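For reference, the structure is listed below as structure tokens.
The values are calculated or read from the model by the stated rules, or taken from the named source; none is laboratory data. Computed from a prediction, not measured in an experiment: that's the story for all the values here. Neighbour counts run over all protein chains shown; Cβ positions are idealised from the backbone, glycine included. Surface accessibility is based on the protein's heavy atoms, side chains included, excluding ligands, DNA and RNA. Shrake-Rupley method; radii C 1.70, N 1.55, O 1.52, S 1.80 Å.
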Amino acid sequence: MNILLVEDDERISKFLVKGLSEAGHHMVLADSGEKARDIIGTYDFDIILMDIMLPGLDGMQLTQMIRFRKNYTPILVLSALNSPDDKIKMLDLGADDYLSKPFHFEELISRIKALTRRNRLSYQEDNQFLSCGTLMIDTDLHKVIQKDKEIELSPTEYKLLTFLMENKNKVLSRTQILHNVWGISFDNTTNVVDVYISYVRNKIDETEQKIIHTVKGTGYLIKD
């Protein structure tokens, strides 16, 4: 697969380019956010591996720019910043997963496979629309529409609502939601799921029909 690596540390980039190339991937390296921005505007990639601390345009700004351009290539963050706040911020900006340095190369390969597999499956889905009552998601255009009005959601809010809609009429635990929306290594003691459920509820219209239901002591579900 085609992989873009955005990393300014020469020692790390050489190791990753060598290892991933030997694993059969085609690697493109950008050692700054500006170079990555230009490359992304020209070529298509299966996944982007991105550091946060970059010279000039940093990883947070670059992620915002990529998602603003409606580019939904999976982004896996590789960063020495490992506080929960750093992880939450990057995921909120539109990153798909977060791996703290140092990491095992085998885990990196596993994360890459998981993200690209999930992305391929989403594109292979025959039905591009998910719906519940008056609420509809166009998964091709990443748009949420209710009563002919588009609802603006953050990338994380969109991922959360889409996951719930994909599992309509099924109770999802907070752990399941954390695993699928925020990544497998995310701290499951956080209340971030409840916070983001509240964000989404405040943006959709439930006056005619309740859409997101709380299952006390378990989690959440969307049902017709």
- prompt: What is the helix-to-structure angle for 192-203, meaning the angle in degrees between its Cα long axis and the longest Cα principal axis of the chain, kept from 0 to 90 and rounded to the nearest 10?
  reply: 60
- request: Pull up the cross-link candidates among the aspartates and glutamates for LYS70, meaning alpha carbon to alpha carbon under 17 Å and not fewer than 8 places away within one chain.
  value: ASP38, ASP44, ASP46, ASP92, ASP96, ASP138, ASP140, GLU150, GLU152, GLU157
message: Taking the alpha-carbon distance from LYS170 and a cut-off under 16 Å, which aspartates and glutamates remain once sequence neighbours fewer than 8 residues away in the same chain are dropped?
response: ASP224
message: If each residue of separation counts as 0.36 nm, what is the full-extension length gain between ILE12 and ARG117 once their alpha-carbon separation is subtracted?
response: 35.3 nm
- request: Give LYS35/LYS149; LYS35/LYS203; LYS87/LYS147; LYS159/LYS216; LYS18/LYS143 a once-over and call out the pairs whose C-alpha atoms are over 31 Å from each other.
  value: LYS35/LYS149; LYS35/LYS203; LYS87/LYS147; LYS18/LYS143
Using a Förster distance of 35 Å, the FRET efficiency for GLU166-THR42 (Cβ separation, nearest 0.05): 0.60
message: Using 0.36 nm times the number of residues separating VAL215 and ILE109, minus their current alpha carbon distance, what extension gain do you get?
response: 34.6 nm
message: Which one, GLY19, GLN146, SER79, projects farthest toward the positive side of the charge dipole computed for region 18-168 from Cβ point charges (K/R +1, D/E -1)?
response: GLN146
message: Restricting to bridges with both residues inside the chain, how much of the DSSP beta-bridge set is antiparallel, in percent to the nearest 5?
response: 50
message: Using Stokes-Einstein with the Kirkwood hydrodynamic radius over Cα pairs, what translational diffusion coefficient do you get for region 81-224 at 20 °C and a viscosity of 1.002 mPa s, in µm²/s rounded to a whole number?
response: 132
- prompt: By how many degrees, 0 to 90 and rounded to 10, does the Cα axis of helix 105-124 deviate from the longest principal axis of the chain?
  reply: 50
message: Largest first, please: the extent of the C-alpha atoms of region 1-48 along each principal axis, to the nearest Å.
response: 26, 23, 10
- line: So, relative contact order of the chain in percent, Cα under 8 Å, 6 or more apart, is 14
- request: Write down the accessible area per residue of region 53-196 in Å², having rolled a 1.4 Å probe over the full set of protein chains.
  value: 52
- request: Find, among the chymotrypsin sites (Phe, Trp or Tyr not before Pro) in region 7-60, those assigned to loop by DSSP (not H, G, I, E, B) with at most 16 other beta-carbon atoms within 10 angstrom.
  value: TYR43
- prompt: How much length is gained on full extension from ASP138 to TYR72, taking 0.36 nm per residue of separation minus their Cα-Cα distance?
  reply: 22.4 nm
- prompt: If you wrap region 1-102's Cα atoms in a convex hull and average its projection over all directions, what's the area in nm²?
  reply: 5.8
